[in-house]
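The values are calculated or read from the model by the stated rules, or taken from the named source; none is laboratory data. Everything numeric here is computed off the predicted structure, so don't read it as measured data. Cβ atoms come from the backbone with ideal geometry, glycine included; neighbour counts cover every protein chain shown. Side chains included, ligands, DNA and RNA excluded: accessible areas come from the protein's heavy atoms. Shrake-Rupley method; radii C 1.70, N 1.55, O 1.52, S 1.80 Å.
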Amino acid sequence: MFTIVERRSKRSRGYRKESIHYFSGTITRRRKEIEAEKPRPTTKKHWSNERRERPVLEMQLGGGRQCYSGTESAALSLSTKSFVSAEGEGVWNQKLFIRFKMNFNFNPHSNYSEITSNYPETSQSININKPQFISSIKASDITKRDSIQVSSHDARKVVLSSQMEGLGTRFIEKSLSKPKQKLEFVRTLLIDNYDSYTYNIYQELSVVNGLPPVVVRNDEWTWEEACYYIYEERAFDNIVISPGPGSPACPDDIGICFKLLLECGDIPILGVCLGHQALGYVHGANVVHAFEPVHGRLSEIQHNGCKLFHDIPSGKNSGFKVVRYHSLVIDPKSLPKELIPLAWTCSTDTISSLVDQKFDQSNYVESTPDNKVLMGIMHSTRPHYGLQFHPESIATCHGSRIFKNFREITEDFWGWKDSCSINDRKLKYNACMQVGNGSWEFKDNPRRNYLSFLDTNPFDIYERANPSNLRNDVKFLKLEWRKIENLCSQIGGAKNIFLELFGDEKAENTFWLDSSSTEKRRARFSFMGGKGGSLWKQITFRLSDLDPSETTSTSGGGGNITIENAQGLSTTTFLEEGCFHFMNKELQSIHYDEKDFQGLPFEFYGGYVGYLGYGLKVECGAPYNQHKAKTPDACFFFVDNLIAIDHSNDDIYILNLHDQTTKTKTTWIDDVYQKLITLKPPTTTLPKVQYYNKKKTESTFLSDKNEERYIKDVEKCQEFIKDGESYELCLTTQMRKKLGDLNRLGIYLHLREKNPAPYAAWLNFSKEDLTICCSSPERFLRLDRDGILEAKPIKGTIARGSTPHEDHMLKSQLQYSEKDQAENLMIVDLLRNDLGRVCDPGSVHVPRLMDVESYATVHTMVSTVQGKKRSNLTAIDCVRAAFPGGSMTGAPKLRSMELLDSLESCSRGIYSGCIGFFSYNQTFDLNIVIRTVVVHQGEASVGAGGAIVSLSSPQEEYKEMVLKSRAPVNSVLEYEQRSLEQ
């Protein structure tokens with residue numbers, strides 16, 4: 001199921017109960033308290049801080065028995081012998097020559113270097129407590145894949161066959177093995193630990209495996225359901241466990257992963273980051289705090305040449321650089337003998353993402369071996385591997401090769417035995433098809449419905465959320481347009497056009513998507529319009545006051561929508577399915593002829609213009625909103641008359657959209673054409689607006705948080721990061737000021753003059769007494785008519801210099817700042833993940849990484865992420881998968897939003913949301929609401945903040961927040977002062 005969008009996780013709701021304890025101690029401490037309060041189930045074995053005892057195995061040789069502990073080894077030749085576990089009932093009964101080691105330090109897939117590698121490193125010994133109990137593992141709990149029947153989900157009783165998959169000890173003489181058979185495709189179960197990088201792994205596996213994996217949240221399946229699909233239906237060839245926030249010591253953080261690693265010894269498993277730590281933790285290793293948190297930073301890696309690192313260089317200056325996102329590590333001193341170290345950092349130093357452009361790597365100082373960090377492990381007798389770094393990151397070298405190697409490991413594992421028949425594998429092909437966000441859509445009885453489910457085409461959750469029977473108001477729209485060439489600059493430009501056509505009467509019910517900064521082709525088109533045609537309407541949505549966790553709604557508790565038509569009549573309705581569902585239904589109900597807009601160089605031909613507020617995150621997976629917004633959570637005009645301006649060619653387009661079933665002829669295009677060709681350029685540079693209010697108000701903005709409080713919150717963010725709860729947190733605050741009746745259009749015109757931006761916007765919703773003056777430089781998401789999605793996240797900001805030399809030095813400082821590169825890289829990987837959920841496998845790419853763009857007051861670091869939208873998804877599906885923009889939340893997104901809600905003292909409202917258009921043909925372009933003044937009921941508010949990472953300086957973060965607020969705050973203050981002087 002599309003879990004992030006359509007349902008809230010049990011874990012998220014439970015996490016909310018812990019949020020009140022954030023200020024009394026770390027999350028780790030609170031989890032200890034919660035665990036201590038829970039009744040401990042009766043069990044024979046418990047975890048302790050000591051290493052778990054090796055299993056005692058009995059070999060029945062001839063008429064007697066011999067016992068071997070896990071620390072002994074033996075090489076035996078058996079003929080019709082049986083193997084019996086001390087804890088189970090499994091039996092081997094086959095004439096085979098078997099060689100094995102009882103001390104679990106040998107792997108049949110390994111070369112000699114895997115077995116004998118030494119590992120010289122230490123880490124800071126801050127122990128993360130282990131759980132107080134664990135189920136024991138039995139040979140009788142382990143199921144074979146092909147011929148053994150599983151009698152129940154509660155007790156997986158099984159007799160191990162001659163294939164000996166139970167403990168992964170498949171040491172059969174080569175003379176008895178069959179030639180390895182390559183698989184046409186590999187079927188992967190991808191466990192999502194609520195991370196924001198899971199779908200980067202999904203994209204990689206889709207290409208490497210020849211088939212998309214099935215993505216399942218770590219609390220989405222019961223253990224019985226997992227066993228059913230893994231063992232009874234044999235639906236998967238391997239398992240990948242994603243990264244995620246938190247610690248493997250917290251059951252809520254790893255969910256079903258613990259049991260998969262503990263009990264599924266007969267299927268290849270690869271754990272990434274949290275999955276890697278879980279592999280170590282399950283087998284008795286200690287997971288501790290790293291010497292320092294490392295997020296979005298690169299390290300060079302050396303490895304022992306094992307199968308997982310086949311054909312990958314190793315060591316210093318080898319070119320094998322990887323991206324790390326972790327605060328916790330496995331303590332190598334605590335590794336049990338069954339876990340073999342595979343890889344480690346070359347030194348404790350991290351390196352710049354752009355190191356080749358700035359530094360000579362030969363100048364790096366070699367660190368002592370004891371300071372290296374464990375980066376990879378494997379189990380000696382199971383095909384289980386762990387990687388602490390992130391192979392899926394855009395900046396990791398040879399990441400795809402690692403996933404290809406894991407596929408080959410999987411093929412090796414199954415290739416020695418009889419593979420599933422081709423028909424059997426084809427039957428289960430659809431089992432690996434992504435469903436919605438990748439999760440499976442379960443039926444009431446998964447056993448009964450499994451085969452029929454596999455025989456059907458993949459069923460997309462978006463289509464289920466928006467069935468055709470909802471499209472009860474089908475509209476057939478017709479577009480007409482007219483072009484005027486080379487006119488815009490002759491009549492005073494976009495500003496004069498807006499003032500003359502829409503600027504009267506305080507510009508009520510008007511919009512202006514204003515590309516006021518068009519240099520370097522950052523933006524090309526502007527769109528403007530007002531209340532006009534018969535199709536015009538305004539929709540206003542407010543989220544319900546109900547707690548989403550206490551309702552059955554899958555869309556944040558639903559909300560009330562008010563629709564005002566062109567005649568001024570309004571109706572209010574409660575929408576249980578929420579705002580996104582309504583917008584999706586509205587856009588899907590529109591029919592049109594693509595020939596109508598052929599020849600137009602832009603993507604907006606009429607449709608919805610407005611904003612989505614940050615609070616709508618509850619319709620996208622966030623469990624709740626800590627604070628209630630005063631402004632509507634979404635507000636849109638449906639625009640049927642508009643003007644588009646092509647700044648590159650100086651052309652003007654006049655567009656009219658009408659219902660083609662009516663024969664009413666509109667003269668709007670002709671009327672506007674006559675006004676434009678007779679329009680004169682302004683004779684003065686003074687703004688053609690009235691100031692209205694000369695009453696003196698507060699002289700400055702008042703912040704919701706003073707400097708001391710903001711710095712303390714930055715430090716709390718860093719504590720969360722240190723404990724592994726987040727990689728990056730975008731902390732924000734609000735500044736407010738009473739305005740009275742000051743002319744709002746004048747404020748916007750002053751803002752666009754002082755701080756021009758490519759994604760600026762003016763929105764005036766008069767009935768709501770709400771005006772938005774936006775000078776955003778950041779694109780959230782865009783979808784063009786070719787189905788290409790594009791995001792342009794900004795992370796990394798520095799002030800402009802006062803001289804050309806200083807300005808150049810500051811720009812270079814930003815370009816090569818490891819902290820800013822880390823911030824940007826984390827959000828780029830997050831946006832790749834969000835696009836990866838809705839884009840064709842292999843299509844997500846980054847054409848521009850960490851470019852520095854210069855604006856009137858700041859330099860910013862900008863990246864570009866693109867992908868090809870899946871054909872069965874809608875525009876709203878794409879927005880919903882990525883909302884809110886990752887640059888305003890941090891990563892992992894869901895956990896970060898929960899933490900930020902606990903720290904921030906008020907609702908973000910419109911700030912951090914997005915402004916833009918949804919064209920009636922389902923193209924869209926949306927910005928991130930930053931550098932914005934929101935005027936509501938006589939009060940102006942400005943939001944500002946910044947990304948907090950482990951390298952952040954709290955004092956510098958406060959200064960950066962003030963810097964980002966300077967342009968909108970000063971625009972209001974300067975305009976107000978000018979009004980008093982007139």
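Do any strands (runs of 3 or more DSSP E) lying entirely in the range 918-965 carry at least 3 residues that are open to solvent by less than 20 Å² (accessible area, probe 1.4 Å) and closer than 23 Å to I539 by Cβ, and which ones are they? First the steps, then the outcome.
On the way: elements: 924-927, 932-936, 939-948.
Per the criteria, 924-927, 932-936.
Please determine whether any residue of the range 825-835 is open to solvent by less than 10 Å² (accessible area, probe 1.4 Å), modelled with pLDDT under 95, of a type in the set (V, I, T) and within 16 Å of the chain's Cα centre (by Cα).
Yes, the range 825-835 contains a residue that is open to solvent by less than 10 Å² (accessible area, probe 1.4 Å), modelled with pLDDT under 95, of a type in the set (V, I, T) and within 16 Å of the chain's Cα centre (by Cα).
Please verify whether the range 717-726 includes one or more residues that are modelled with pLDDT under 95, over 27 Å from G493 (Cβ atoms) and in a strand (DSSP E or B).
For the range 717-726, residues modelled with pLDDT under 95, over 27 Å from G493 (Cβ atoms) and in a strand (DSSP E or B): absent.
Considering only the range 186-205, how many residues are open to solvent by 10 Å² or more (accessible area, probe 1.4 Å) and closer than 15 Å to E408 by Cα?
Number of matching residues: 1.
Residues are listed down the side, and each one gets a yes or a no for (1) modelled with pLDDT under 95; (2) of a type outside the set (D, E, K, R):
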| site | (1), (2) |
| --- | --- |
| K537 | no, no |
| R542 | no, no |
| G558 | yes, yes |
| T571 | no, yes |
| E577 | yes, no |
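What number of residues within the range 215-254 are closer than 23 Å to L729 by Cα, part of a helix (DSSP H, G or I) and touching a Ser or Thr at 6+ places or on another chain (Cβ under 9 Å)?
So the count comes out to 2.
Going by the structure shown, is T771 modelled with pLDDT under 90 and part of a strand (DSSP E or B)? Even if it seems obvious, please write down each step before you answer.
Working: modelled with pLDDT under 90: no; part of a strand (DSSP E or B): yes.
Criteria not met by T771.
Check whether at least one residue in the range 481-498 is at pLDDT 95 or above, hydrophobic (A, V, I, L, M, F, W, C) and either open to solvent by 70 Å² or more (accessible area, probe 1.4 Å) or under 17 Å from F638 (Cβ atoms) (or both), and report yes or no.
The answer is yes; a qualifying residue exists.
Being closer than 18 Å to S299 by Cα and in a helix (DSSP H, G or I) is the filter here; which residues of the range 385-415 pass it? Talk me through it step by step, then tell me what you get.
To start, the set of residues in the range 385-415 that are closer than 18 Å to S299 by Cα comprises 386-402.
Listed by number, the residues that qualify are G399, S400, R401, I402.
Return the residue satisfying two criteria in turn: it lies in the range 702-745 and is touching a Lys or Arg at 6+ places or on another chain (Cβ under 8 Å) and open to solvent by less than 20 Å² (accessible area, probe 1.4 Å), and of such residues it is nearest to K630 (Cα to Cα).
If we take residues in the range 702-745 being touching a Lys or Arg at 6+ places or on another chain (Cβ under 8 Å) and open to solvent by less than 20 Å² (accessible area, probe 1.4 Å), then Q734 is nearest to K630 (Cα to Cα).
Among the residues of the range 857-895, which ones are under 30 Å from E577 (Cβ atoms), β-branched (V, I, T) and part of a loop (DSSP other than H, G, I, E, B)? Spell out the reasoning first.
If we filter the range 857-895 for residues that are under 30 Å from E577 (Cβ atoms), which is where we start, we get 865, 867-895.
Within this subset, residues satisfying the condition of being β-branched (V, I, T) are 865, 874, 876, 879, 889.
T874, T889 - these are the residues of the range 857-895 that are under 30 Å from E577 (Cβ atoms), β-branched (V, I, T) and part of a loop (DSSP other than H, G, I, E, B).
May I ask you to list pairs of residues, at least six apart or on different chains, whose Cβ atoms are under 7 Å apart, with the first in the range 591-603 being under 11 Å from L479 (Cα atoms) and the second being of a type outside the set (G, A, S) and not in a loop (DSSP other than H, G, I, E, B)?
Close Cβ pairs (under 7 Å, with a partner that is of a type outside the set (G, A, S) and not in a loop (DSSP other than H, G, I, E, B)) amount to Y592/L477; D596/K478; D596/L479; F597/L479.
Count, please, the residues in the range 834-856 that happen to be in a strand (DSSP E or B) and under 24 Å from D820 (Cβ atoms). Can you show your working first?
Going through the range 834-856, the residues in a strand (DSSP E or B) turn out to be 839, 845-854.
Pick out the ones that are also under 24 Å from D820 (Cβ atoms) and you get 845-854.
Total meeting the criteria: 10.
At positive phi and buried (at least 23 other Cβ atoms within 10 Å of the Cβ): is that true of G787 in this structure?
Answer is no for this residue.
Looking at Q815, is it among the polar types (S, T, N, Q), open to solvent by 10 Å² or more (accessible area, probe 1.4 Å), farther than 20 Å from S912 by Cβ and at pLDDT below 95?
Values: among the polar types (S, T, N, Q): yes; open to solvent by 10 Å² or more (accessible area, probe 1.4 Å): yes; farther than 20 Å from S912 by Cβ: yes; at pLDDT below 95: yes.
Yes.
Name the residues in the range 735-768 that are farther than 16 Å from Y975 by Cβ, out of contact with any strand residue (DSSP E or B) (no Cβ under 7 Å at 6 or more places or on another chain) and among the small types (G, A, S), would you?
S766
Under the condition of being charged (D, E, K, R) and part of a loop (DSSP other than H, G, I, E, B), which residue from the range 774-784 is least open to solvent (accessible area, probe 1.4 Å)? Write out each step before concluding.
Filtering the range 774-784 down to residues charged (D, E, K, R) leaves 778-779, 782, 784.
The next check asks that each one be part of a loop (DSSP other than H, G, I, E, B); those that pass are 778, 784.
Details: E778: 5, D784: 24 Å².
Selected residue: E778.
Being modelled with pLDDT under 95 and either of a type in the set (A, V, I, L, M, F, W, C) or at positive phi (or both) is the requirement here; does G842 meet it?
Values: modelled with pLDDT under 95: yes; either of a type in the set (A, V, I, L, M, F, W, C) or at positive phi (or both): yes.
Considered against the rule, which asks whether it is modelled with pLDDT under 95 and either of a type in the set (A, V, I, L, M, F, W, C) or at positive phi (or both), G842 comes out as yes.
Filter the range 485-511 for residues that are in contact with a Ser or Thr (Cβ under 7 Å, 6 or more places away or on another chain) and not charged (D, E, K, R); which is nearest to F604 (Cα to Cα)? Break it down into steps so the answer makes sense when it comes.
Residues of the range 485-511 that are in contact with a Ser or Thr (Cβ under 7 Å, 6 or more places away or on another chain), as a first pass: 494, 502, 508-509.
Next cut, not charged (D, E, K, R) only: 494, 502, 509.
Details: A494: 17, F502: 19, N509: 19 Å.
Across the range 485-511, the extreme among qualifying residues is A494.
Out of the residues in the range 291-309 that are small (G, A, S) and buried (at least 23 other Cβ atoms within 10 Å of the Cβ), which is farthest from S726 (Cα to Cα)?
Filtering the range 291-309 down to residues small (G, A, S) leaves 296, 299, 305.
Right, trim to buried (at least 23 other Cβ atoms within 10 Å of the Cβ) and you get 296, 299.
Values: G296: 12, S299: 20 Å.
Within the range 291-309, the match that is farthest from S726 (Cα to Cα) is S299.
Would you check which residues across the range 779-811 are at pLDDT below 95, touching a Lys or Arg at 6+ places or on another chain (Cβ under 7 Å) and among the acidic types (D, E) and list them?
Within the range 779-811, D807 is the sole residue that qualifies.
Of G275, G284, G280, G265, which residue is small (G, A, S), in contact (Cβ under 8 Å) with a residue 12 or more places away in the chain, buried (at least 24 other Cβ atoms within 10 Å of the Cβ) and under 16 Å from E338 (Cβ atoms)? Spell out the reasoning first.
Details: G275 fails: under 16 Å from E338 (Cβ atoms); G284 fails: buried (at least 24 other Cβ atoms within 10 Å of the Cβ); G265 fails: buried (at least 24 other Cβ atoms within 10 Å of the Cβ).
On inspection, the qualifying residue turns out to be G280.
Please enumerate the residues belonging to the range 842-887 that are of a type outside the set (G, A, S), surrounded by 24 or more Cβ atoms within 10 Å (Cβ to Cβ) and over 26 Å from S517 (Cβ atoms).
V844, I876, D877, R880
For I928, are the conditions met, namely being of a type in the set (V, I, T), within 23 Å of C717 (Cβ to Cβ) and touching a Gly at 6+ places or on another chain (Cβ under 7 Å)? Outline the logic, then answer.
On the way: of a type in the set (V, I, T): yes; within 23 Å of C717 (Cβ to Cβ): yes; touching a Gly at 6+ places or on another chain (Cβ under 7 Å): yes.
In short, yes.
Select from the range 206-240 the residues that are β-branched (V, I, T) and open to solvent by 10 Å² or more (accessible area, probe 1.4 Å) and write down the one among them that is nearest to N405 (Cα to Cα).
V208
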